[in-house]
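Here the structure is laid out as structure tokens; the discussion comes afterwards.
Each reported figure results from applying straightforward, stated rules to the coordinates on display, with no laboratory input. All values derive from a computational prediction rather than experimental measurement. With ideal geometry, Cβ positions are generated from the backbone for all residues, glycine too; neighbour counts draw on all protein chains shown.
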Amino acid sequence: MTDNSNHSDRNPNRRKLTLRWLAIGLSLMMLLGIGYLNRGSIRGVIDQYSGQEFSGNGTGSISFTITKGDSGSIVAKHLTEQGITKNYGSTFRHILSTNPTFFPGTYTLPKSISSDRAIALLTDPSNQVTNKVTIPEGLRLVDIYKRLSTSTGIPISKFESAAKDLSKFGIPKRAPSLEGYLFPATYSFDPSLNAGEILTVMVNRMKDELRSFGLAKKEWQDTLTLASIVQREARLHDDFYKVSRVFKNRLAINMPLQSCATASYGVGSFSIIVTNKILNDDNPYNTYKYAGLPLGPIAAPGSLAIDAVLHPAEGTWLYFVTWNLATGETIFSNTYAEHQAGIARWDKWMAENPGWDG
């Protein structure tokens, strides 16, 4: 007799046992997977119970610095040396298991904390300590140094000393100083940077700006010199391009620039009102006395001023006068007679606004 029934039906217990073992196997695989994904946390619990990790919120605070090129082992070594974490081996294992990305900088950390917490704080950008400073367009070196000193706590003398060796900054050899080569912007400096390193960051930022305009190094000095004058003379956006055109027109016919801003700079004055004594002073920045560009930049020009020098407005103006010092409204003229009328308007405004010095 032939039996056509299903043999597996004769062993229901065996089938149930097979399914049970399969379920157990799948559960073990899931547990192993979860354990692998959370191996850092599990390792942390084990290390704490074995006395290799600090527990609690820690005590006090300390500045911890990661320098460029620091490996995980170096970070772990420094963490334990400074009393932030307890055991080098444990800390390094946690770094290996979590594989964090450390960025150079200074961070504030409590002492006596777990490796996991230390790693979390070192990978949190908001925990990085920086000295933030804003350098507006048109500032001179002396004012920039004051702002940098106030923000960083580094004495002004340190910046002045660091700026003496111009060769290390890679600027044109005929530049008399760093004047004009520190790009005006908002910076966040790491507290570990010294005066020379901070100045290098700012100079490199200016170099990037100049290169973005397609300027070769041989063009930097003249461009920044004229841009710094435009920056100090112009007030309104469109006037930057008109002031640039006036100076370009004068340079084209070898007419002195006659910029009050350069004359003031040459005698160390900050006033926008110049006297006959200032106008007659014999110095290489006095563009009333000497034709052409002055010895070098007189302030820090921004992107707008640089762009205005490279792309001046179309026009035949040879003169301009800012008749309203409060609003920056400026009159541009083709002839000296027209310019005299503009000066008369400025004189009237000054009479109505006594004591105005800008």
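Before moving on, here are some points about what is shown:
- Only Cα pairs under 8 Å and 6+ residues apart enter the sum, and on that basis the relative contact order of the stretch 216-272 stands at 26 percent.
- To the nearest ten degrees, helix 217-233 and the longest principal axis of the Cα atoms of the chain are 70 degrees apart.
- Across the chain, the mean sequence separation of Cα contacts (distance under 8 Å, 6 or more residues apart), normalised by length, yields a relative contact order of 13 percent.
- Within the shell of other residues whose beta carbon sits under 11 angstrom from the beta carbon of A308, the net charge comes to -1, with Lys and Arg scored +1 and Asp and Glu -1.
- Ranked F103, F332, criterion: other C-beta atoms within 10 Å, fewest first: F103, F332
- Each Cα pair under 8 Å and six or more residues apart adds its separation to the average, and for the stretch 131-212 the resulting relative contact order is 39 percent.
- Here the stretch 242-358 is treated with +1 on each Lys and Arg Cβ and -1 on each Asp and Glu Cβ, and its dipole about the Cα centre works out to around 200 debye.
- Helix 195-212 vs. the chain, principal-axis angle (Cα, 0 to 90°, nearest 10): 80
- Backbone N atoms of the stretch 225-260 closer than 11 Å to the 7 Å Cα→Cβ label point of E338 are not found in any residue.
- Sorted ascending by nearby beta carbons within 10 Å, beginning with the fewest, S115, S55 become S55, S115.
- By the beta-carbon count within 10 Å of each Cβ, the least crowded to most crowded order of F270, F213, fewest first, is F270, F213.
- Extension gain, N99 to T200: 0.36 nm times the residue separation minus the Cα-Cα distance gives 33.1 nm.
- Overall form of the stretch 230-281 per C-alpha gyration tensor (a/c, 1.5; a/b vs b/c): oblate
- With Cα atoms, 0 to 90° folded angle of helix 12-37 axis to the chain main axis: 30
- Separation in nanometres of the label points that stand 7 Å from Cα toward Cβ, at L166 and R235: 3.3
- Label zone at S271, where the point sits 7 Å out along the Cα-to-Cβ direction: the stretch 330-358 residues whose backbone N lies under 19 Å: 346-358
- Between V142 and S73, the simple spin-label model (points 7 angstrom out along Cα→Cβ) gives 5.4 nm.
- Under 15 Å, Cβ to Cβ, from S177 - net charge with Lys/Arg +1 and Asp/Glu -1: +1
- Counted by Cβ distance under 15 Å from G292, the other residues give a net charge of +3, where Lys and Arg count +1 and Asp and Glu count -1.
- Of [x] 34; [y] 46; [z] 22, the label for percent of Cα pairs over 38 Å apart derived from the coordinates: [y]
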